[in-house]
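Structure first, commentary second.
The values are calculated or read from the model by the stated rules, or taken from the named source; none is laboratory data. Since the model is a prediction, treat every value here as computed from it, not as a measurement. Note that each Cβ is placed from the backbone with ideal geometry, even for glycine, and that neighbours are counted across all protein chains shown. For accessibility, only protein heavy atoms count, side chains too; no ligands or nucleic acids. Shrake-Rupley method; radii C 1.70, N 1.55, O 1.52, S 1.80 Å.
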Amino acid sequence: MTVSKQLSLPVFVQKELFGENDAYIRKIEKDLSVSVVLRDGDLKIAGEEENVEEAVQIISRLSEVSLHGG
């Protein structure tokens, strides 16, 4: 079943998460077969439910690291 989740993240965290030429987000998209789109400051993650949940967990962990200067 295809689902989507939305995450709100600070702009500086979004920039770090996407990486140069969106390399980091592209890797997550490829490895988990999800789509990640940035619209109006929110990330929308879509795909199969299990993959979306895993992507949300990964992105959430990475954003926490970014917020705490990791």
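Scan the stretch 19-48 for residues that are in a helix (DSSP H, G or I) and over 14 Å from Thr2 (Cα atoms) and the total you get is 12. For the stretch 2-15, the criterion of being in a strand (DSSP E or B), open to solvent by 50 Å² or more (accessible area, probe 1.4 Å) and among the β-branched types (Val, Ile, Thr) is satisfied by at least one residue. Screening the stretch 51-63 for residues that are open to solvent by 20 Å² or more (accessible area, probe 1.4 Å) and touching a helix residue (DSSP H, G or I) at 6+ places or on another chain (Cβ under 9 Å) and picking the one that is modelled with the lowest pLDDT gives Leu62. When the stretch 19-50 is limited to residues that are under 15 Å from Ser66 (Cα atoms) and open to solvent by less than 30 Å² (accessible area, probe 1.4 Å), the one that is modelled with the highest pLDDT turns out to be Ile25. For the residues Lys30, Lys15, Lys44, the requirement of being among the basic types (Lys, Arg) and either touching a residue at least 60 places away in the same chain (Cβ under 8 Å) or touching a strand residue (DSSP E or B) at 6+ places or on another chain (Cβ under 7 Å) (or both) singles out Lys44. In summary, Asn51 fulfils each of the numbered conditions (1) within 23 Å of Val11 (Cβ to Cβ); (2) of a type outside the set (Lys, Arg); (3) in a helix (DSSP H, G or I) with the single exception of condition (1).
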